[in-house]
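The values are calculated or read from the model by the stated rules, or taken from the named source; none is laboratory data. Quick caveat: nothing in here was measured; it's all calculated off a predicted structure. FYI the Cβ positions are ideal-geometry reconstructions off the backbone, even for glycines, and counts take in every protein chain you see. Accessible surface areas use protein heavy atoms only, side chains included; no ligands, DNA or RNA. Shrake-Rupley method; radii C 1.70, N 1.55, O 1.52, S 1.80 Å.
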Amino acid sequence: MYEDSPMRHFLTLKDFSKEEILEMIALALKIKAQTKQRKFVPYLEHQTLGMIFEKSSTRTRVSFETGIYQLGGIGLFLSSNDIQLGRGEPMKDTARVISRMVDMVMIRTFEHSKLEEFAQFSKVPVINGLTDSYHPVQLMTDYLTMIEFGKEKDPVVAYVGDGNNMTHSWLMLAAKLGFELRVATPKGYECDAQIVADALEIAKESGAKITFGNDPVAAVKGCDVVTTDTWVSMGQENEKEERLKAFAGYMVDESMMAKAKNDAIFLHCLPAYRDYEVSEETFEKHANVIFNEAENRLHAQKGIMVWLDSQRAN
Ligand code: CP
Ligand code: NVA
C-alpha cells in the first residue's frame, strides 16, 4: 500500500529530540481535551493499526485499540498465539506481509532486536508497545501525567526497584528532557550498562543529572516524583523467588514516601503487586494519580500515532 518513503518509527526515546517529544506530548494534550468534549477528530481516518502481542497486556491493548478507533481507524489485535509468528514464521516475513496491509504497527515482544528487525522490514511506522529493554509509550504517558499534576518543572524523580525496561525508558526520558533522575536498584539488578552509557552521553547535552545507587531512601529524599515497577517482569517468572529476596527493603511505603517532598506524587505503570514493590497503603493513597496515569496511555499514544503519521511522505 505504501511505497518505500521516509517515515519514523517509535522504538525508543533515544531516537527523538526533546522538541519532538514535546510535540507529541502537545498533540496528546490537544487530542485529550477534544476527546473529553466528546469531539472525535478523525486524524487517522480509515487507517489500520496492527497490534502484535507476544506478551500479555491490559492497558496497552485497550488503549491502542480504543485510541485508533477514536482517531477514525481500526485496530487489529494479533496475538502471537494466533498468528503464524507464534509457529515460527520469521519476524521479517511477518513485517513484510502485515506492513503491506496496515498503516501502522504496534509490537509487544521480548528481545528489543526483534522489534528492530520488524521495523527494518516494515513499510509503515512501528511503535514499541514494550520490549525486554524499553517501554517508551509508558514514559510518554508518565510525562503527560507529570505535566497534569504540576511536576514538569525541573522535577527530581526517584526510581526505586528493578533496573528493567521501565528504568531504561526513564533514563532516556530524563536524558532527553534534562531533569534529575535518581535510580536505586539492589546489587545485581542494575540497569543495562550500554543503555546507561547511552543515557549519560545524551545527558551531557541536556544537562540531566542521572545518578545510580543501592539506597532507596537516599534516592527518594526531597524528590518530586517517586516511581517503581514490578520486581518480576514478564518472562522472569522463574526468577521470582530469588528476586523477592533480593528486593527486600525496596518496597515503596509510607515511611519511604515520607522522605520525599510533602506533595510528591507516586507513579506506577501497572500492574502493581501490592506489598511487594509498593505497599497497599501507599498505592491506595496515590490511586488518583495512578489511574489518571493509566488513562493517559490512551491520550499519549494518540499523540504518538498522529505525530508519526504526520512525519511520513504519503
Ligand atoms: N503498563 C502496561 O504496559 O500495562 P499492560 O501490560 O497491561 O499493557
Ligand atoms: N517491567 C514490566 C512492565 C509491565 C508493564 C514488564 O516488562 O513486565
(request) Return a yes/no flag: does segment 295-305 have any residue that is out of contact with any Gly (no Cβ under 9 Å at 6 or more places or on another chain), small (Gly, Ala, Ser), closer than 17 Å to residue 129 by Cβ and open to solvent by 20 Å² or more (accessible area, probe 1.4 Å). (result) no
(message) So for segment 77-94 (the condition being in contact (Cβ under 8 Å) with a residue 40 or more places away in the chain and not aliphatic (A, V, I, L, M)), does at least one residue qualify?
(response) yes
(request) Name every residue in segment 29-59 that is touching a Lys or Arg at 6+ places or on another chain (Cβ under 6 Å) and either more than 16 Å from ligand 2 (Cβ to nearest atom) or in a helix (DSSP H, G or I) (or both), in order of residue number. (result) 31, 59
(request) Go through segment 100-173 and tell me which strands (runs of 3 or more DSSP E), entirely inside it, have 3 or more residues that are within 16 Å of ligand 1 (Cβ to nearest atom), in contact (Cβ under 8 Å) with a residue 40 or more places away in the chain and in contact with a Phe, Trp or Tyr (Cβ under 8 Å, 6 or more places away or on another chain). (result) 104-108
(message) Any residue at all in segment 74-82 that's out of contact with any helix residue (DSSP H, G or I) (no Cβ under 9 Å at 6 or more places or on another chain) and outside any loop (DSSP other than H, G, I, E, B)?
(response) no
(request) Give the residues of segment 79-97 that are open to solvent by 30 Å² or more (accessible area, probe 1.4 Å) and either in contact with a Phe, Trp or Tyr (Cβ under 9 Å, 6 or more places away or on another chain) or not β-branched (Val, Ile, Thr) (or both), sorted by residue number. (result) 81, 82, 84, 86, 87, 88, 89, 90, 92, 93, 96
(message) Cβ-Cβ under 7 Å, sequence separation 6+ or interchain: first residue in segment 35-60 and closer than 22 Å to residue 291 by Cα, partner assigned to a helix (DSSP H, G or I) and away from ligand 1 (no atom under 15 Å from the Cβ). Which pairs?
(response) 35/70
